[in-house]
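The block underneath contains the structure these notes are about, expressed in structure tokens.
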Amino acid sequence: LDAATQAHGLATSLGVVSETGVAGLTLSGGMGWLRRSHGLSCDNLLAAQVVTADGDVRMATEDSEVDLLWALRGGGGNFGVVTSFGFALHPVGPDVFFCFIFYPGQIAADVLEACIAYMAEAPDEVSPVSFLGRVPAAEAFPPEWHGKPFVAVAGMYVGDPAQGERVFGPLRTLGSPIADLSGTMAFVEAQKVLDEDYPNGLRYYWKSIELQGLGADAIATLMSSAAEMPSGASTIDIWFHGGAMSRVAPEATAFGDRSAPILIGVEANWDDPTADEDNIAWARRCIEDLRAFSSGGSYLNFAGFLEDREQLLRAAYGANYDRLVAVKTTYDPENVFRINQNIPPAAA
């Protein structure tokens with residue numbers, strides 16, 4: 001999709017890994033490098049062709065099947081089979097400036113505090129994510145750092161690359177970096193920067209939690225959790241919100257409330273099947289340790305195995321949950337589509 005739209009100097013808001021499926025990404029929200037400049041993927045969904053449980057083919061737009069389109073904008077994938085998506089496109093690229101810098105893990109608190117201060121004045125054109133993890137044994141990193149803790153800052157500037165280099169300057173001067181992989185690159189290449197970190201065949205279990213802020217105690221909890229990760233491929237990701245995605249009213253889309261300034265994504269990534277229990281337990285423990293700093297919301301594209309399903313969905317959708325149940329009852333009263341996050345019909 002990126003390649004097709006970039007042929008016309010355009011893009012829509014997608015994720016941060018190019019192989020992510022557009023459908024699942026969009027139906028549960030869709031957070032990427034354009035989220036602060038152009039909103040979530042679901043915010044850019046203008047139309048969807050849907051095969052509903054009664055076998056009808058329906059076109060959901062802002063003028064027809066309005067409730068169905070509302071539900072598809074972040075409400076999950078169990079209202080029908082979506083067979084086509086129509087997205088809003090925006091001028092982006094062809095080149096962008098991409099910030100990608102790794103600092104030693106021991107200065108993680110300073111880096112994250114600097115990111116919070118930076119975001120207070122940051123323009124919508126930047127949508128940073130920070131990562132806590134361990135340096136991979138890759139050529140881009142000095143051998144003496146392999147396996148050691150890092151804190152990274154990544155982000156794209158949507159606009160003139162030269163301006164982007166200036167805008168990201170404060171985040172690239174926070175200490176002596178392990179590696180600075182920042183630079184001007186084609187938008188389609190920037191969209192692939194993280195691809196190699198998520199190979200097919202790895203084992204993945206991701207959870208998430210929204211934070212009301214990122215104070216000293218929350219940062220200390222993140223650092224402690226990162227130090228305990230059983231796999232060197234795992235990360236704890238800090239998504240900085242605001243901008244266009246946060247200016248959408250909670251009731252405008254099924255996605256719901258966007259007021260939390262921080263989302264934590266806990267990514268347990270490992271390759272040994274015998275280590276399943278340890279890695280899953282670590283991710284769950286990270287989330288529980290962060291609940292003291294959260295109002296309970298989460299991002300349903302990072303939902304683990306949907307444990308405590310109803311509680312999780314109600315917390316994520318908030319006041320929109322009952323309207324989602326009503327839409328489900330209208331379009332799928334027998335609960336034919338019941339696998340993808342499963343908002344139940346009222347009769348279920």
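See the values below:
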| item | result |
| --- | --- |
| Projected area, mean over directions - the range 1-149, Cα convex hull, nm² | 11.7 nm² |
| Heavy atoms of residue 196 accessible to a 1.4 Å probe, total area in Å² rounded to 10 | 150 Å² |
| Reach of residue 192 by Cα under 12 Å, taken over aspartates and glutamates that are not fewer than 8 positions away in the same chain | 2, 19 |
| Amide hydrogen neighbours beyond the local backbone of residue 151, cut-off 5 Å, H modeled | 103, 105 |
| Order by protection proxy (mean Cβ within 10 Å, highest first), peptides 174-180, 76-82, 104-110 | 76-82, 104-110, 174-180 |
| Sulfur and carbon atoms: percent of accessible area, the chain [1.4 Å] | 52 percent |
| Summed residue charge, Cβ within 10 Å of residue 219's Cβ, Lys/Arg positive, Asp/Glu negative | -3 |
| Relative contact order (%) - the chain, alpha-carbon pairs under 8 angstrom, separation at least six | 21 percent |
| Max mean-square fluctuation residue, GNM over the chain, Cα-Cα springs under 10 Å, options 233, 260, 114 | 114 |
| Reduced Cα scattering model of the range 103-228, Debye log10 I(q)/I(0), q = 0.15, 0.22 Å⁻¹ | -0.83, -1.59 |
| At 1.567 mPa s and 4 °C, Stokes D of the range 93-171 from Kirkwood alpha-carbon radius, µm² per second | 97 µm²/s |
| Computed over the range 142-257: relative contact order in percent, which uses C-alpha pairs under 8 Å that are six or more apart | 19 percent |
| Under 12 Å, Cβ to Cβ, from residue 41 - net charge with Lys/Arg +1 and Asp/Glu -1 | +1 |
| Solvent-accessible heavy-atom area per residue, rounded to whole Å², over the range 123-250 at 1.4 Å | 42 Å² |
| Probe 1.4 Å, accessible area per residue of the range 18-102, Å² | 33 Å² |
| Å² of accessible area per residue within the range 255-348, as computed with a 1.4 Å probe and no ligands counted | 48 Å² |
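The values are calculated or read from the model by the stated rules, or taken from the named source; none is laboratory data. Just so you know, these numbers come straight off a predicted model, no measurement behind them. Positions of Cβ are generated from backbone atoms using ideal geometry, with glycine treated the same way; all protein chains shown enter the neighbour counts. For accessibility, only protein heavy atoms count, side chains too; no ligands or nucleic acids. Shrake-Rupley method; radii C 1.70, N 1.55, O 1.52, S 1.80 Å.
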